[in-house]
1. Of the residues that make up segment 481-496, is at least one surrounded by 13 or more Cβ atoms within 10 Å (Cβ to Cβ) and aromatic (F, W, Y)?
2. Counting just the residues of segment 498-510 that are at pLDDT 80 or above and more than 15 Å from F116 (Cβ to Cβ), which one comes out nearest to the chain's Cα centre (by Cα)?
3. Select from segment 317-352 the residues that are in contact with a helix residue (DSSP H, G or I) (Cβ under 9 Å, 6 or more places away or on another chain) and surrounded by fewer than 18 Cβ atoms within 10 Å (Cβ to Cβ) and list them in ascending order.
4. If L540 passes every condition in (1) over 16 Å from L274 (Cβ atoms); (2) under 28 Å from the mean Cα position of the chain (by Cα); (3) assigned to a strand (DSSP E or B) but one, which one does it miss?
5. Pick out, from segment 116-215, the helices (runs of 4 or more DSSP H) lying fully within it that include 2 or more residues that are crowded, with 19+ Cβ neighbours inside 10 Å and in contact (Cβ under 8 Å) with a residue 60 or more places away in the chain.
6. If you check every pair at least six apart or on different chains, which have Cβ atoms under 9 Å apart with a residue in segment 91-104 that is closer than 15 Å to I209 by Cβ and without any contact (Cβ under 8 Å) to a residue 12 or more places away in the chain first and a residue that is open to solvent by less than 10 Å² (accessible area, probe 1.4 Å) and part of a loop (DSSP other than H, G, I, E, B) second?
7. When you look at L566, is it aliphatic (A, V, I, L, M), buried (at least 21 other Cβ atoms within 10 Å of the Cβ) and closer than 30 Å to T389 by Cβ, yes or no?
8. Just give me the residues in segment 523-550 being of a type in the set (D, E, K, R) and open to solvent by 40 Å² or more (accessible area, probe 1.4 Å), in sequence order.
Amino acid sequence: MAKLLSNPSSRSSSTTFSSFHNGNLHFSRKINFLPNKSHFSKWDPTRIIFRNQFELKSSNGYPLNAVSLQDEGSAANPLAEKMNFPESGTGNSTLSITVVGASGDLAKKKIFPALFALYYEDCLPENFVVFGYSRTKMNDEELRNMISRTLTCRIDKRENCDDKMSQFLKKCFYHSGQYNSEEHFLDLNSKLKEKEGGRLSNRLFYLSIPPNIFVDAVRCASTKASSTTGWTRVIVEKPFGRDSESSSELTRRLKEYLTEDQIFRIDHYLGKELVENLSVLRFSNLVFEPLWSRNYIRNVQFIFSEDFGTEGRGGYFDNYGIIRDIMQNHLLQILALFAMETPVSLDAEDIRNEKVKVLRSMRPLQLEDVIVGQYKGHSKGSKSYPGYTDDPTVPTNSITPTFAAAALFINNARWDGVPFLMKAGKALHTKRAEIRVQFRHVPGNLYKRNFGTDLDKATNELVLRVQPDEAIYLKINNKVPGLGMRLDRSDLNLLYKARYTREIPDAYERLLLDAVEGERRLFIRSDELDAAWALFTPLLKELEHKKIAPELYPYGSRGPVGAHYLAAKHNVRWGDLTGEE
């Protein structure tokens, strides 16, 4: 077995300061890289010192900032069993971030801009360096020119924007090499050491590469470019396999070189502001928490739609399809966060434990509870829109779904009988991602006759719009002013851009910062991944074995008709199709 990434003296990376103001506890985030053990990297020495002075206690009497020992990686690495925190640190450390696959679209459009945004907001330490690594031949200056085209000071328009951008680019370097070459990673290691200048080094590798070369890149980084004095962490992008077997094999291979707590499986939807706010909305507002069960909620809908097709990336998409690309990860992760029981604390392991319980409680997906579709060409006026199989990178006889709707059920006391409906598709009439919670009808509603036979109009509905135009709104019944008794459905609306003047950070900014700090709450654990694949793998195999033909729907439409019948089968009406939006 290959050597595990060296972590003999791993360190964390964050310092948290807290203060009381007007009787309330306020937290602010400031990063000063002080050493502590990576396996407990959520808390650095200053946090430990502060914790001795003040502890937040949960209902079971344990401190909320307690460290969890439930990470699977701890069994593989004896260092995880020791809590030898240094009492103080020199702060003499360097953060080295290597973007593997630096010439790709994800790196150019998301990763480098997110790193610059963190630097712009002073969220990175004083000593840091960014390396791009890919097979493309280029030098440092060419890398800087490439990424400078995607950097913006979108957060605000401070006068020092150009100066900050120039300073950031001076910290960006490039090394060309093969992803499976230990020799090239050894050369990268030499360059990293040169820039680190003998300081304690913490290294973060972001794998922005196809999944078939994950293991090769991790093997080379493990044996030739891992830190010998600080922590080493690896961010892995989806897809995490195609089914249970391939996902388990990928995890097994990665764990030949990494412990579980060094692997950060990223799902960028978990970093979106409204998804982060989901648990706050539920657990911090008494008006919602008592209603969060089968007693009051009639159904929950998770909706994802894009108003464009594959547009040249059909070759990649055709190998996965919409179920693997969106439903098995993004939507299922949001479902688990929505439906989980109250965690013991906000510790990453406590939250992920509750998510796993939800996934393991779910009824296996049946073919009769799923509808698949594929968009076809469509003409609107003088403009023509191509069908999925018109994409030159897609086989002409492809039956890969570009749309899917599914009804899922959770077999536990809180959610028994409540349908959780998912819907995801490409080339639809609008772009949106939202969570819709439809509450039950009011028993013996005195005003039922004012709604006629359509009781759905009288249904209260909580909507969390993840994108675009982030918002939370609650649909309520209201009397229209006047002498008569006429009811109207109105919205209590929190529109983020109207309430908060600052632009919302990109999901990659939050997740990259969490990875630097060692905060794993928004990353996917291996047993969580296994439980997610266990739900979808039998369905995916049945679809492929029986060669189920998808229902065709026109480009720019609301999707296949079958999705309406699926919802009606469970006495549900899709909330995004009411015409009220």
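1. yes
2. Checking each candidate, the answer is A507.
3. Scanning segment 317-352 gives E341, T342, L346.
4. Unmet for L540, out of (1) over 16 Å from L274 (Cβ atoms); (2) under 28 Å from the mean Cα position of the chain (by Cα); (3) assigned to a strand (DSSP E or B): (3).
5. Hits in segment 116-215: 182-196.
6. Note: no pairs meet the criteria.
7. yes
8. D530, K541, E542, E544, K546, K547
The values are calculated or read from the model by the stated rules, or taken from the named source; none is laboratory data. Model, not experiment: these values are computed from the prediction. Using ideal geometry, Cβ is built from the backbone for each residue, glycine included, and neighbour counts are taken over all protein chains shown. All accessible areas refer to the heavy atoms of the entire protein, side chains included, with ligands and DNA or RNA removed. Shrake-Rupley method; radii C 1.70, N 1.55, O 1.52, S 1.80 Å.
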